[in-house]
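Following: one structure in structure tokens, then a few remarks.
Values quoted throughout were computed directly from the atomic coordinates according to the rules given, and no laboratory measurement underlies them. Just so we're clear, the structure is a prediction, and the values are computed from it rather than from any experiment. Cβ placement follows ideal geometry from the backbone for every residue including glycine, while neighbour counts extend to all protein chains displayed.
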Amino acid sequence: MAGVPDPVARSVTVRAPGKVNLALSVGGLREDGYHELQTIFQAVDLYEEVTVRWLGPEEQDVVTVEGRDADKVPLDDSNLAMQALDEMRSYRIAHPIGIHIRKQIPVAGGMAGGSADAAATLVALDALFGLDLPREELLERAARLGADVPFAILGGTAIGTSRGDELTPILTQGRYHWVFATAPHGLSTPSVFFELDRLRGLSPGFTAEHVAAAKVSPSLLMALRTGDPAAVGPLLTNDLERAAVSLAPALADTLAVGREAGALGALVSGSGPTTAFLAADTEGALDIAVALTASGVAADTIRTTGPAHGARVIDRKQD
Ligand code: C5P
């Protein structure tokens, strides 16, 4: 067995993107507690920046957070970056590690901010200790941490199947202009899936066969390939939307305001409560953001574009 790896730098910083699901089709509940799904992820230019640094033997693992929603991030073992560190300990990393997260992605917003933290931590530790793990192995480790973590490593636009963690990259053209509206309170992902099952009239114990197979629309894939946002907009769909709206009814107003302001498509992002609006261009995005802010339906708005790159090293320091 290989020995204990030595660090090859003092610290490494990695950026990993947030995501929006352009389509999210949810099938039945599986025995492992996850739902079978088919989704199209697009990574957006909104990043978590994670710096990992090895510490002296007398120190302890520690996670610190700054930036958007920093006060809402747990600093204990429930932090996904800490869980990623635990996962990487199987490579015999012996040093205590300091993890610092600079956040841009809203917490509990359906944009996979925590998953981006985990993805960035895996990639950063791989680089800090010169492990040079094959991509497939990193993706496997990522999938153990959560269904959205592998996509934060991959980035771009991709179809996700199974739990959303089996990925096939897809080619798209053009840049997509997004406005995200945050909500004042987060929604927990399991409760949104649970609410969808309840709305579907399904009782506990049913299995995948009881629900129509999850499927993404071929016309959406075609529209993405030709790079026409006006064709993509009306095809954006999310099965979790009615569950998120059922738990947070104000989201219906937010979606309506964005549509009236000219959004080509409007939907709840992932399990919500962040809502996503596709605009024709930069000006269209500004109009939507202004309308959302003026009407008071959004806690905050974020303008960004996609697709964005996956987790990558942006800095290495030797001291
Ligand atoms: O994988 P992750 O930890 O992000 O998922 C959080 C929760 O969301 C799961 O525990 C499960 O309740 C729900 N989920 C699901 N089916 C999926 C993905 C997530 O039911 N495919």
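In the calculated pair distance distribution of the stretch 159-273, what percentage of Cα-Cα distances lie above 19 Å? All intermediate terms of the calculation are to be shown ahead of the outcome.
Numbers: 3660 of 6555 pairs.
Summing the P(r) tail past 19 Å for the stretch 159-273 gives 56 percent.
Using the crude model of +1 on Lys and Arg Cβ and -1 on Asp and Glu Cβ, and no other charge, please compute the dipole size for the stretch 11-149 relative to its Cα centre, in debye to 20.
On the way: 13 positive and 23 negative charges, 62 e Å.
Dipole of the stretch 11-149, to the nearest 20 debye: 300 debye.
Under a GNM of the chain (C-alpha, springs under 10 Å), which listed residue has the highest mean-square fluctuation: Val290, Val73, Val192?
Maximum among the listed residues: Val290.
Rounded to the nearest 0.05, what FRET efficiency do Lys72 and Met222 give with R0 = 45 Å and r taken as the Cβ-Cβ distance? Could you check? Could you put the intermediate results ahead of the total?
Working: r = 39 Å, r/R0 = 0.87.
FRET efficiency, Lys72 to Met222: 0.70.
Treating each Cα of the stretch 253-299 as an identical point scatterer and ignoring solvent, apply the Debye formula and state log10 I(q)/I(0) at q = 0.15 Å⁻¹.
-0.31
For the stretch 5-60, give the magnitude of the charge dipole about the Cα centre (Cβ charges: +1 Lys/Arg, -1 Asp/Glu; no others), in debye to the nearest 20.
The calculation lands at about 220 debye.
Any chance you could check the Cα centroid distance between the stretch 36-79 and the stretch 299-316 for me, in angstrom?
Spelled out, the Cα-based centre of one part sits 14 Å from the other.
Between Rg and the Kirkwood Rh of the chain, both from Cα atoms, what is the Rg to Rh ratio? List each step's numbers first, then the result.
Working: Rg = 19.6 Å, Rh = 20.0 Å.
Ratio of gyration radius to Kirkwood radius for the chain: 0.98.
Binning at 5 Å from 0, report for the stretch 276-319 what percent of all alpha-carbon pair distances ends up in each bin.
5, 17, 22, 14, 10, 10, 9, 6, 5, 2
Taking all pairs of different Cα atoms in the stretch 41-81, averaging 1/r and flipping that mean, what Kirkwood radius in angstroms comes out?
12.7 Å
Given a 10 angstrom Cα cut-off, can you work out which residue in Leu55, Leu167, Leu221 is the most mobile in a GNM of the chain?
So, out of Leu55, Leu167, Leu221, the one fluctuating most is Leu55.
Of the listed peptides 31-43, 105-117, what is their order by residue-averaged count of other C-beta atoms within 10 Å, with the highest listed first? Before the final figure, lay out each step's value.
Working: 31-43: 19.6, 105-117: 27.5.
Those peptides, ordered most packed to least, come out 105-117, 31-43.
Just from the alpha-carbon atoms, what are the Rg and Dmax of the stretch 1-113 in angstroms?
For the stretch 1-113, the Cα-based Rg and Dmax read 16.9, 49 Å.
Extension gain Ala280-Arg89, at 0.36 nm per residue separation less the Cα-Cα distance, in nm? Working shown, then result.
Numbers: separation 191, 0.36 × 191 = 68.76 nm, distance 4.56 nm.
Contour length minus Cα-Cα distance gives 64.2 nm.
Rounded to the nearest Å, what's the spacing between the alpha carbon centres of the stretch 249-297 and the stretch 157-201? Just the number, please.
Between the Cα centres of the stretch 249-297 and the stretch 157-201 lies a distance of 16 Å.
Under a point spin-label approximation (7 Å from Cα along Cα-to-Cβ), what is the Asp132-Leu202 distance to one decimal in nm?
4.5 nm
What does the stretch 222-319 give for Rg and for Dmax, in Å, if only its C-alpha atoms count?
15.8, 53
In whole Å, largest first, what are the principal axis extents of the Cα atoms in the stretch 84-157?
34, 26, 18
On full extension of the chain, what length is gained from Ala256 through Val290, given 0.36 nm per residue of separation minus the C-alpha to C-alpha distance?
Working: separation 34, 0.36 × 34 = 12.24 nm, distance 1.40 nm.
Between Ala256 and Val290, full extension yields 10.8 nm more.
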